[in-house]
Amino acid sequence: MIGQYGHTSGLSSCSGGIGINRSLILPSIDELPGYILLPKNAPPAEKTPQATVTAVLPQLEKYFIDEPGQYWMAAGIAFSSFEMIEAFALVTVSFGVDFELGILGSVSMSIPTDGVTPIAFVEADLLASFAPSSGLLAFEGVISPQSYVFGGFVKVQGGFAFCLWFDKEHAGDFVVTVGGYYPSFDKPAHYPAVPRIKLGFAVGPVSVSGGGYFALTPAMLMAGLSMNATFNAGPIKAWFDAAIDLLIAWAPFHYQAGSYVTIGVSVDLGLFTLKVQVGADLAVWGPEFGGKADVDLDVASFSF
C-alpha cells in the first residue's frame, strides 16, 4: 500500500507504504535511474482507477515479491532547499525472513536560481543499503545525462559506488569507484557495474568528448582518462583521439599501463578523398619492466 500527502506550501510532501508477506527488492545501480518507487518514474494515471491499477501492477511485480513471513515498511519525503536543491528520500526497512535497510533518493541542484539559465545543473539518483544476510554495506549513485555545467555547454553523466563486504564469503572486500574500472580488469561478479564518467561539448564544427574513471580495491588501484575531438567542416574532417589507463596491484605487486594517440585529417576532393592518419600505442608492465610501442605513420608502421 502506497500513499502520499502534501503541504499546502508545496515545499514538501510525504509518502509511505507497507507490505505483508512480501519482500521489497531494491534496485541494482543499472536499474536505479528507472526504479519505479522514485517519483520521476511514477507511471502516469490512466483514464480510470481500474485501468491505472491494471497498468501499474505488472510493473510492480518485479520489485514486490510474494514471500511468507517477510514484511517491509517505507517512508519518503520530498523537499527543496533555498530553491536550489530539489530532493526526494525514501527509507525502506525489510524484516522477518531477512533484514535490509535501504535509503533511495533523487536530487537535482541548479546554480544559480534567480530565473536565469543555470550555470550548472546536476541530477542524480542515489541508493544506500545495509543487508546483514549478504554482509554488504553499499552506497551507489548515477548522474543523469541531463546534467551539465557552464550553462549547458558541457554535458556530464556517469556513476559511482562504494561497497563494503563485512560478512559472508566476501568479508573484508571493498570497492570504491567513480566511473568504473580498468578496461581489461576482470570484474568480480559481486562488484557493481558502474557507468563511465563522461563529458562532452560542441562548438560549431568542433565536438569534444571525454571520459574517466578511478577505482580502489583491497588489491589494486585503477585510473584512466580518454578524449576524442573532431572537426567537421564540409569536405574537411580532422580528429584527435587519446587515452591513458593505469593499474597498480600490490597483492602481488604488479603494474601495467596503456596509452594511445591518433591524429588524422581527410579532405574530400570530389573524385577521391585524401586521408592521412598517424598514431602510436604504448603499453608497459612489470615487474620485470617491459613494454611495447606500435607506431603507425599511415604509409609505414613499426613496433619496438
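The single condition from (1) open to solvent by 50 Å² or more (accessible area, probe 1.4 Å); (2) more than 25 Å from the chain's Cα centre (by Cα); (3) closer than 30 Å to Pro188 by Cα that Phe272 fails is (3).
Filtering region 44-58 to residues that are polar (S, T, N, Q) and exposed (fewer than 13 other Cβ atoms within 10 Å of the Cβ) leaves Thr48, Gln50, Thr54.
Of the numbered criteria (1) free of Cβ contacts under 8 Å to residues at least 24 places away in the same chain; (2) in a strand (DSSP E or B), the one Leu247 fails is (1). Among the residues that make up region 20-43, is at least one of them among the hydrophobic types (A, V, I, L, M, F, W, C), in a strand (DSSP E or B) and crowded, with 16+ Cβ neighbours inside 10 Å? Within region 20-43, one or more residues are among the hydrophobic types (A, V, I, L, M, F, W, C), in a strand (DSSP E or B) and crowded, with 16+ Cβ neighbours inside 10 Å. Whenever a residue of region 60-89 is modelled with pLDDT of 85 or more and assigned to a strand (DSSP E or B), its partners that are basic (Lys, Arg) and open to solvent by 30 Å² or more (accessible area, probe 1.4 Å), lying with C-beta atoms within less than 9 angstrom and at least six residues away or across chains, give the pairs Phe64/Arg22; Ile65/Arg22; Asp66/Arg22; Glu67/Arg22; Gln70/Arg22; Tyr71/Arg22; Trp72/Arg22; Phe88/Lys40.
For region 161-182, how many residues are open to solvent by less than 60 Å² (accessible area, probe 1.4 Å), aliphatic (A, V, I, L, M) and closer than 22 Å to Gly34 by Cα? Counting residues in region 161-182 that are open to solvent by less than 60 Å² (accessible area, probe 1.4 Å), aliphatic (A, V, I, L, M) and closer than 22 Å to Gly34 by Cα gives 1. Scanning region 114-132 for residues that are open to solvent by 70 Å² or more (accessible area, probe 1.4 Å) and among the hydrophobic types (A, V, I, L, M, F, W, C) yields Val116, Ile119, Phe130.
Suppose we keep only residues that are assigned to a loop (DSSP other than H, G, I, E, B) and out of contact with any helix residue (DSSP H, G or I) (no Cβ under 9 Å at 6 or more places or on another chain) within region 133-160. Which one would you say is surrounded by the fewest Cβ atoms within 10 Å (Cβ to Cβ)? Break it down stepwise before answering.
Taking region 133-160 and keeping what is assigned to a loop (DSSP other than H, G, I, E, B), we get 133-135, 150-153.
Filter again for out of contact with any helix residue (DSSP H, G or I) (no Cβ under 9 Å at 6 or more places or on another chain), leaving 150-153.
On the way: Phe150: 9, Gly151: 12, Gly152: 14, Phe153: 12.
If we take residues in region 133-160 being assigned to a loop (DSSP other than H, G, I, E, B) and out of contact with any helix residue (DSSP H, G or I) (no Cβ under 9 Å at 6 or more places or on another chain), then Phe150 is surrounded by the fewest Cβ atoms within 10 Å (Cβ to Cβ).
Here Ile111 meets each of (1) open to solvent by 50 Å² or more (accessible area, probe 1.4 Å); (2) β-branched (Val, Ile, Thr); (3) under 20 Å from the mean Cα position of the chain (by Cα) with one exception, condition (3).
The values are calculated or read from the model by the stated rules, or taken from the named source; none is laboratory data. Keep in mind that this is a model prediction, so the values were computed, not measured. When we count neighbours, we look across all protein chains shown, and the Cβ atoms used for this are built from the backbone with ideal geometry, even at glycine. When the accessible area is computed, the model is the full protein with side chains, heavy atoms only, and any ligands, DNA or RNA have been set aside. Shrake-Rupley method; radii C 1.70, N 1.55, O 1.52, S 1.80 Å.
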